[in-house]
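What follows is a set of notes on a single structure, which appears directly below.
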């Protein structure tokens, strides 16, 4: 029993060294949040106009960095000994990635291709997949009686 | 070992059998993992939680970015305020840090320090939930919740349900306080003479009467077209109108697209102008088709008056139609129901609104549920002396809390900033 106690004591002493690390991690998380908020604000101000994807990319990357910091330091996975930490986290992470990828073909890409009926009935103007007709911006121009449906919506 | 000896004492009479059993004690089990069982279980649970939330967040991402450009509501469209999101993020990170402090203090038998940190964590969790509650209340107030009766653009079809719902909304809107809109009132007042022969009681609130009449009339007109006039979309050879365009024009009257997509404002004005011109061209045909139906004839006459007024306004303002102008007012008859103080909840009000609210409430709801569970976990140790023997509990509760923080780290940008 006493042996066990000594171990625990040693463990505690070892962890004691990490307090400055925890403080740095905390400040890092705060800075990351500020960066995310700033980028979000810039997107709203139109700085990323037409280039939202890069803004989103920055924010998600920042989130990943934050997640890494929390898992590694706050959940002290960095100091855990043994393979169990990989066994419990990596397969779950891969699984979760595939859960998302599974949804992409039928859900994520659901509006990439329109049937004719869907194109006809859509509430907004769908930019034509035919390169010759450049989709306008969602305006409406009414059909003159007798006009055929296709192409009249985009003017 | 001591446990085994107790066992031996109790069953000492069964010597033979026991000795056999005793031989197997050489195979005494060792800890498979260098951590306690509680922590193993918690980590197993967390790894299922990773998949649980990844599935939910992934579904949101796939739905969100798979929707056609411009049809997913921006955070401000659905009253998601990034200020509260940021505050909540800071609160959660702070609470995560104080959990770390609690654990460190508990390990060192500093019970009172640990309790202070724990209480702070608990308060942070409560503050988070309080803000969440405030946010939810705001959403509900604006009718932003999964609405089985509502319709989103995904299911958009040129059918009569839209008209039915719109008619109900226009009727229920009742008296619309527009007094504050001085610009609109001026322009509308200037246009009253145009429509004066049809509306009788505009003296007290001309813009309001005009607006209501115009909306009622627009609905009537669209209902008439959808009900009576052949759809050229279904049957290109038929003499008729494109039902889809008629409905979109109606939607445009109620909730103009430029309010959502500022940069389209100018183009939209132009489109509306074109639309009105062609509608005016069609009116004689419709009048002929109406025959002796006086109701329809009256309606068409009024339609013409209104359309002319609107056209006049559009042509005189076509150069000023900028997004800045549209942010505060759009003159003439284009005073939308949407601007009225009492929110009018319309179908098609928010594109993909149902999907947004479903995913928003599912994800933030499950997260809030986890926060509540975390608070319960933290409530017990408040009554304990937080000494080293309690460190395992604090560590496990802390791990769980960090995971809750982790989920929020992803929810925050996805819902508040994208």
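None of the figures in this text is laboratory data; all of them are computed from the coordinates on show. These figures come from a predicted structure and were not determined experimentally.
Compute the whole-percent fraction of alpha carbon pairs in region A:12-81 spaced more than 17 Å apart.
Within region A:12-81, distances greater than 17 Å cover 51 percent of Cα pairs.
For region B:364-418, what does the alpha-carbon gyration tensor say about shape, rounded, prolate or oblate, given a ≥ b ≥ c as the root eigenvalues, a/c under 1.5 as rounded, and a/b over b/c as prolate? Note, shape of region B:364-418 comes out prolate. Per residue, the average separation of C-alpha pairs within less than 8 Å and at least 6 apart gives region A:12-81 a relative contact order of 36 percent.
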